[in-house]
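A short write-up of the structure that comes next.
The values are calculated or read from the model by the stated rules, or taken from the named source; none is laboratory data. If you're wondering where the values come from, they're calculated on a predicted model, not measured in any experiment. Because the Cβ atoms are built from the backbone with ideal geometry, glycine has one as well, and the counts that use them run over all protein chains shown.
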Amino acid sequence: MVDPFQVQERFAAGAQFIGGQLRPGTSGRTQDVVNPATGEPVLSYELASTADVDAAVAAAAAAFPGWAGATPGERSDALHRFAAVLAEEAGDFAYAESLQCGKPIKLSTEFDVPGTVDNTAFFAGAARHLEGVSAGEYSADHTSYVRREAIGVVGSIAPWNYPLQMAAWKILPAVAAGNTIVLKPAEITPLTSLMFAEAARRAGLPDGVVNIVSGAGRDAGEHLVGHPDVVMTSFTGSTAVGKRVAEIATGTVKRLHLELGGKAPFLVFDDADLEAAVNGAVAGSLINSGQDCTAATRAYVQRPLYDAFVAGVAELMGTVRLGDPFDPATDLGPLISHTHRDRVAGFVERARGHARIVTGGAAPRGELTNGAYYLPTLIAGAAQDSEIVQSEIFGPVLVVLPFDADDEGIRLANDTPYGLAASVWSRDVYRTGRATREIKAGCVWVNDHIPIISDLPHGGYKASGYGKDMSAYSFEEYTQVKHVMYDNTAVPRKDWHRTIFGDRP
Ligand code: NAD
């Protein structure tokens, strides 16, 4: 197909965006961005070096006083213009996101891009709505008020599964609150983060407010996290890398925000609408080829519905159309890379000995063999403590297990190290009420699975991390609170000085 986006030309100046300009990296190492649907490279660029990270942090630090000093109204105006620019360029963003990730174009067009435009509009509004206690005399002799201040230079790291949305989730609350930022996207998917930063500049955000370093995790990533001039790290990625990031951040006493892996349970009680649960399980497990930290991965189905659920999911998975991501009829694209596809296949192969592959469990044959495709897969009969039930697979693989008593279902739903998201399927408000209270996850859906919204928080419990993305909750996390307290008495010896001077006058 003719490439309407001309990637190599578009990023001819390089894949680093520092101080308002695209420029090349200086690491001496080349990285390919590969179309996972074909295995063909679409861009070769030079990765960021630690010196490039230093330059980006310096640009962000230089921009900080001006941006933090802008009024909330000025920042809000810039973000409103930014949302308008993104909406105008929606087609380019959707194309580039599908090109670098293999996402079906209907997913990029209907989810990734409009979600990002909406997030930008949300933070344009939030910029004018910092809340806090009112100024007043909380002690009779003093007047207190609270300032919410920008923190400084934020260093953020994002994964490859939703590159545009992850860049937006990191950049928007930070800059709405008056901070400046250096974002490191996953090195295999930098395109839409760079485009996002360029669009911010075109919308009038000053140079240096948003910087992108496209570098590897081990050097550019770790250097950013450990940088003494970076005051906060916000990381989204795997739990294993999150632990390493936490170790480094601790060394420089940074504020830390970790959005890590997930293994979301999908809990179906015996009074659930079976058709809704089957549809929800297929859509919720296959979205973005299952490369979604909140994807449904473990379906627990109460015994009376179990057989019908397994049959219904297997049948519906068989109707899902794998194909060219740019074909509007394609439901499921490839995984992000052949390496990742092989990793997913490895989980399924290891499960084969002790569980039943109901459907899928292989790469498709025929014309898709050059791409990193994997068939929608349903696995039954696995033990709760097995790898396939406990570990994050990050592919189009759903495991299904039966349960009897309600208590048992809730206990099994909580029985992994993760706690990012979960869903509960029932028509009984008391059952769903109890399950939503007892499930340890940052988001629990009732009779649905996946929807997210800019106004409400996203973030984990347990090994899924801490801190929130999106919503006013995340906005506040990018500010620091200062209590200012004025003496109102004007007397040289205050009443409380008694604790030092006793009853001497
Ligand atoms: P990953 O942890 O391998 O990489 C994430 C980012 O960290 C990349 O930019 C990578 O270059 C960087 N990185 C790697 N090693 C690093 C190091 N030593 N120091 C600093 N940075 C380093 O994750 P991934 O494979 O890109 O993404 C998939 C993971 O992300 C899954 O576990 C998924 O659940 C998680 N995820 C979580 C959320 C959430 O909101 N909780 C959202 C999306 C993805």
- What residue, among those in region 291-323 that are over 17 Å from Ala277 (Cα atoms), within 16 Å of the ligand (Cβ to nearest atom) and not acidic (Asp, Glu), is nearest to the chain's Cα centre (by Cα)? Cys293
- Message: I'm told Phe394 meets every condition in (1) among the hydrophobic types (A, V, I, L, M, F, W, C); (2) touching a Pro at 6+ places or on another chain (Cβ under 9 Å); (3) crowded, with 24+ Cβ neighbours inside 10 Å; (4) within 22 Å of Ile336 (Cα to Cα) except one. Can you identify the failing condition by its number?
- Response: (2)
- Query: Within region 468-505, can you find the residues that are more than 16 Å from the ligand (Cβ to nearest atom) and small (Gly, Ala, Ser)?
  - Reply: Ala472, Ala490, Gly502
- From Ala249, Ala216, Ala220, grab the single residue that is in the same structural domain as Glu40 (by TED's automatic domain parsing), touching a Phe, Trp or Tyr at 6+ places or on another chain (Cβ under 9 Å) and over 30 Å from Leu375 (Cβ atoms). Ala249
- Considering only residues of region 426-452 that are farther than 22 Å from Ala405 by Cα and free of Cβ contacts under 8 Å to residues at least 60 places away in the same chain, which is surrounded by the most Cβ atoms within 10 Å (Cβ to Cβ)? Gly442
- Message: From the list Ala176, Ala150, exactly one residue is buried (at least 16 other Cβ atoms within 10 Å of the Cβ) and closer than 30 Å to Asp487 by Cα. Which is it?
- Response: Ala150
- For region 15-36, how many residues meet the condition of being among the polar types (S, T, N, Q) and farther than 25 Å from Lys103 by Cβ? 3
- Query: Given the conditions (1) within 23 Å of the chain's Cα centre (by Cα); (2) modelled with pLDDT under 95; (3) not acidic (Asp, Glu), which single one is not true for Leu47?
  - Reply: (2)
- Query: Conditions: (1) without any contact (Cβ under 8 Å) to a residue 12 or more places away in the chain; (2) closer than 30 Å to Ala68 by Cα. Pro457 meets all but one. Number of the miss?
  - Reply: (1)
